[in-house]
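First up is the structure itself, then whatever we jot down about it.
The values are calculated or read from the model by the stated rules, or taken from the named source; none is laboratory data. Note that the structure is a prediction, hence the values are computed from the model and not measured. Cβ sites come from the backbone with ideal geometry, for glycine too, and all protein chains shown count toward neighbours. Heads up: the accessible areas ignore ligands, DNA and RNA and are worked out on the full protein's heavy atoms, side chains in. Shrake-Rupley method; radii C 1.70, N 1.55, O 1.52, S 1.80 Å.
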Amino acid sequence: MMNEDYTPYDLLDEYGLDDEYFGFHAAWVAGIDAREAARRMRADLDSAVECGIHDVYEQLGGLGERDGLILVGQAGAWVLIVQLRGWDCTRDQALSIASSGGGRAVAIGWNADGDEQLIYAVDGRILTYTDFSPRPRRGGADRHALDEYMEGLSFVDDIDAEETNIDTALTVIERITGRGIDQDWLESTHTGYVIPQGAW
C-alpha cells in the first residue's frame, strides 16, 4: 500500500513516464469508445496491438523516427490516452476533434523546457487552457471553465515547485474525469497504436 505522501507525479516517475526530454502528454476523452478515440487521434488502426506500459515498445517495434506512439484504454467512464512518443494528444485540433459530437476531452502535457499546459474541450471547442502558474495565463472560449474543479487548489510560484504543480493539474483532471492515472491502469493491458509521421 502506498503511503499518503505518494503523489500522482511520483507514480509517473516510477513508471518512467516523465521523459527527461519529451516530458509527458496524456488525454482523457468522454463520449466515445477507445478505438474511436484512437481514430480521432489519427492513429493507424491497423497498427493496434494489445499490450501494456511494460511491453508497448516491444510490441510496436520498427517505429519510424517521427512516428507517434499511444497507449489507449478505458479509465472509468472516460478513455485515457497516454502518449509515449510525441505530443499529438495535446494538440488543440486533436482535442477539438476528440470532443466533437457532444463529448468532452481534457489533456495535460509538459516537456523539458516547461511548456506546461492543461486543456479542456467540450463538444469540439477548446473551452479553456492554462499553464501551471500562480497567475495562470488562460485562454479559450470560457476562461473560467476549470474554476469549479480548481476549488481549494492553486499553483505554486517556486522554482522547485514543478512536481507540486503537476500534481495539482492531475488532481484537477481527476476531479473532472473521476479517475486520474493510477497504478491499476498502468498495470493493465490496453491497446497500443502508431500515429504515423505526418498524420497531423
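Exactly one residue among Asp115, Asp123, Asp182 is of a type in the set (D, E, K, R), over 23 Å from Ala94 (Cα atoms), touching a residue at least 24 places away in the same chain (Cβ under 8 Å) and out of contact with any His (no Cβ under 8 Å at 6 or more places or on another chain), and that residue is Asp182.
Being at positive phi and without any contact (Cβ under 8 Å) to a residue 12 or more places away in the chain is a description that applies to Gly62.
Leu11 - would you say it is farther than 18 Å from Ser99 by Cβ, of a type in the set (A, V, I, L, M, F, W, C), crowded, with 16+ Cβ neighbours inside 10 Å and modelled with pLDDT of 95 or more? The answer is no for Leu11. Among residues of the stretch 135-149 that are farther than 20 Å from Asp92 by Cα, those with a Cβ under 7 angstrom from a residue that is among the hydrophobic types (A, V, I, L, M, F, W, C), sequence gap 6+ or separate chain, pair up as Tyr149/Val172; Tyr149/Ile176. Which residues, counting only those in the stretch 51-85, are in contact with a helix residue (DSSP H, G or I) (Cβ under 8 Å, 6 or more places away or on another chain), open to solvent by 40 Å² or more (accessible area, probe 1.4 Å) and in a strand (DSSP E or B)? Result: Gln74, single match.
What number of residues in the stretch 141-153 are open to solvent by 40 Å² or more (accessible area, probe 1.4 Å) and hydrophobic (A, V, I, L, M, F, W, C)? Number satisfying all stated conditions: 2.
Rundown of residues vs (1) within 13 Å of the chain's Cα centre (by Cα); (2) under 13 Å from Ile173 (Cβ atoms); (3) among the hydrophobic types (A, V, I, L, M, F, W, C), yes/no style:
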| residue | (1), (2), (3) |
| --- | --- |
| Asp46 | no, no, no |
| Cys51 | no, no, yes |
| Trp78 | yes, yes, yes |
| Trp87 | yes, no, yes |
| Asp92 | yes, no, no |
| Gly102 | no, no, no |
| Val122 | no, no, yes |
| Leu127 | no, no, yes |
| Phe132 | no, yes, yes |
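For the stretch 160-200, a tally of residues being open to solvent by less than 20 Å² (accessible area, probe 1.4 Å) and part of a helix (DSSP H, G or I) returns 11. Among the residues here, Arg104 qualifies as more than 26 Å from Ala161 (Cβ to Cβ), at pLDDT 95 or above and crowded, with 18+ Cβ neighbours inside 10 Å. I'd like to check something: does the stretch 14-24 contain any residue that is in contact with a Ser or Thr (Cβ under 9 Å, 6 or more places away or on another chain) and touching a residue at least 60 places away in the same chain (Cβ under 8 Å)? No, every residue in the stretch 14-24 fails to be in contact with a Ser or Thr (Cβ under 9 Å, 6 or more places away or on another chain) and touching a residue at least 60 places away in the same chain (Cβ under 8 Å).
A residue that is touching an Asp or Glu at 6+ places or on another chain (Cβ under 8 Å), of a type in the set (Val, Ile, Thr) and either open to solvent by 60 Å² or more (accessible area, probe 1.4 Å) or part of a loop (DSSP other than H, G, I, E, B) (or both) cannot be found anywhere in the stretch 118-140.
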